[in-house]
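Trainee: Before we start, here is the structure in question, set down as structure tokens.
The values are calculated or read from the model by the stated rules, or taken from the named source; none is laboratory data. What you see is a predicted model; the values in this text were computed from it and never measured. Cβ atoms come from the backbone with ideal geometry, glycine included; neighbour counts cover every protein chain shown.
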Amino acid sequence: MKKVITYGTFDLFHYGHRRLLERAKELGDYLIVGITADDFDKSRGKINVRQSLMERVAAVKETGLADEIVIEEYEGQKIDDIKRYQVDIFTVGSDWKGKFDYLNEYCKVVYLDRTEGVSSTEIRSESPLKIGLVGSAGFLDKVVRECAYVNDLEIEGVYTDEGISSALQSLPLVTRNYRGLLDKVDAVYIFSYPGLHYEEIRTALACGKHVLCESLFAMTRAECEELIHLAEEKGLVLMSAVKTAYSIAYWRLILLVKSGIIGNVISVDSTCTSLDEIENGRTDYKNSWNSITKWGSTALLPVFQILGTDYKECRITSKLLDNRYDTFTKIDFVYQNAVASIKVGRGVKSEGELIISGTKGYIYVPAPWWKTDYFEVRYENPADNRRYFYQLEGEGIRYEFLSFSKAVKKGTVMSNINDVFNKAVCDIVEQFNRQENFNRI
Ligand code: CTP
């Protein structure tokens with residue numbers, strides 16, 4: 001029996017895929033189809049895949065052409081598969097010509113002509129999500145670069161009152177008129193100043209536009225709730241952006257903690273600091289990010305995602321430059337069965353680590369933990385310690401935008417951050433601004 005194997009992503013299964021499988025089948029008696037797993041695809045830069053692995057497997061199965069389906073999960077797997085299944089012929093489309101010649105050592109390699117005029121990429125880009133940027137932060141340059149990896153998304157322009165980089169200047173539309181930008185887009189990404197977010201989100205939602213906003217949405221819980229309600233009422237996606245939530249290492253860490261790998265969690269301690277210049281000498285929160293607004297959401301992410309938001313006590317201690325600008329803030333939480341602390345600073349430097357302590361062991365994430373691709377689970381007996389590595393592409397930004405674009409296309413929120421978190425962050429900032437349960441040093 002002649003065995004044939006072929007590999008692909010098979011996203012949004014199309015005519016070109018069917019023709020490839022038909023011809024592959026004709027090359028032998030038994031066809032094995034390898035379908036690329038989501039994570040493996042991400043590591044090759046194909047992060048724009050629209051369908052889940054299960055959906056793609058189902059589509060290939062439905063053709064009735066595959067005698068067997070395997071999942072391709074790691075680089076180098078093709079050699080393993082060819083040996084394991086005693087494959088006679090490896091085949092793929094001619095767009096890969098030459099790339100798999102190294103497999104000739106193990107079986108015959110056949111490149112089949114690619115069907116002209118159809119591809120998953122083209123189907124995905126038929127209706128790109130048009131995004132407008134709001135703000136002037138240097139971070140927006142990174143966003144433009146990272147969005148190039150998300151291929152059903154297009155950056156249309158930027159709205160700002162301030163000077164911007166040349167990368168942003170070269171966008172099709174650069175305007176000081178917010179509504180002018182809103183007219184041209186399906187959605188906005190907002191990263192202006194925390195005190196402006198509420199108005200900017202409200203205006204965008206009122207105009208029927210989806211919103212991805214750098215955390216936080218508003219300076220009070222009431223305003224935050226109003227925005228969430230407005231988005232629901234209008235059937236729009238309102239998602240908050242904390243890029244760490246989309247880093248694979250961070251997300252796997254959360255899942256491991258929830259699965260009980262370190263027992264019951266007793267303490268979460270996170271630190272995020274940077275020694276920054278005060279933006280243009282401004283300490284007004286309408287026009288600048290202080291320590292708590294810049295770092296608070298990120299530092300609070302593991303606390304609220306692991307211990308929840310139902311804390312019994314929350315005490316804030318800040319070093320204030322004037323009444324609102326904290327160069328450093330420490331927050332201590334007391335829960336029913338646990339404690340937590342965060343330290344954030346723009347004028348104080350510390351080790352940016354995350355430690356999650358449990359009844360069986362602890363997790364250590366080295367600095368800067370919010371950008372990590374590595375963490376360790378440590379036990380009393382060091383021989384039991386385990387290390388975890390996950391590739392971090394683009395600091396999580398591209399996955400965040402991909403998730404936003406999918407949420408808009410599917411009409412459901414597919415975020416790693418929920419509204420309970422969004423509201424709880426606003427609670428903390430509100431408490432800070434009111435200086436309740438507050439110490440000043
Ligand atoms: N293929 C083909 N003709 C097409 C599209 C794909 O023969 N018009 C073949 C590819 O060469 C590959 C297999 O189908 O052997 C699976 O391809 P895949 O990369 O999943 O599909 P594409 O449409 O090429 O996806 P993309 O646009 O994301 O690259």
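Trainee: Taking the condition of being assigned to a strand (DSSP E or B) and either crowded, with 18+ Cβ neighbours inside 10 Å or over 28 Å from the mean Cα position of the chain (by Cα) (or both), how many residues in region 342-356 meet it?
Mentor: Residues that pass the stated criteria total 6.
Trainee: Give the residue that is modelled with the lowest pLDDT, with candidates limited to residues of region 284-324 that are of a type in the set (Ser, Thr, Tyr) and closer than 22 Å to CYS213 by Cα.
Mentor: Taking the candidates together, the pick is TYR285.
Trainee: Quick one: would you say PHE404 is touching a helix residue (DSSP H, G or I) at 6+ places or on another chain (Cβ under 9 Å) and at pLDDT 90 or above?
Mentor: Taking the combined requirement at face value, the residue does not satisfy it.
Trainee: Can I ask one more? Residue under question is LEU168, and the condition is that it be in contact (Cβ under 8 Å) with a residue 24 or more places away in the chain, in contact with a Lys or Arg (Cβ under 7 Å, 6 or more places away or on another chain), surrounded by 17 or more Cβ atoms within 10 Å (Cβ to Cβ) and assigned to a helix (DSSP H, G or I); does it hold?
Mentor: Answer is no for this residue.
Trainee: Would you be able to tell me the number of residues in region 10-42 that are at pLDDT 95 or above, in contact with a strand residue (DSSP E or B) (Cβ under 8 Å, 6 or more places away or on another chain) and assigned to a loop (DSSP other than H, G, I, E, B)?
Mentor: Here the count works out to 4.
Trainee: Separate question: If I ask for residues that are within 23 Å of the chain's Cα centre (by Cα) and either within 9 Å of the ligand (Cβ to nearest atom) or of a type in the set (D, E, K, R) (or both), which ones from region 11-52 would you list?
Mentor: ASP11, LEU12, THR36, ASP38, ASP39, ASP41, LYS42, ARG44, LYS46, ASN48, VAL49, ARG50 - these are the residues of region 11-52 that are within 23 Å of the chain's Cα centre (by Cα) and either within 9 Å of the ligand (Cβ to nearest atom) or of a type in the set (D, E, K, R) (or both).
Trainee: Please list, ordered by residue number, the strands (runs of 3 or more DSSP E) wholly in region 59-165 having 3 or more residues that are within 16 Å of the ligand (Cβ to nearest atom).
Mentor: Because the criterion is at least 3 residues that are within 16 Å of the ligand (Cβ to nearest atom), the strands (runs of 3 or more DSSP E) in region 59-165 that meet it are 68-72, 89-93, 108-112.
Trainee: On to the next question. Can you find a residue that is farther than 24 Å from CYS147 by Cα, over 22 Å from the mean Cα position of the chain (by Cα) and surrounded by fewer than 18 Cβ atoms within 10 Å (Cβ to Cβ) anywhere in region 178-191?
Mentor: No: zero hits.
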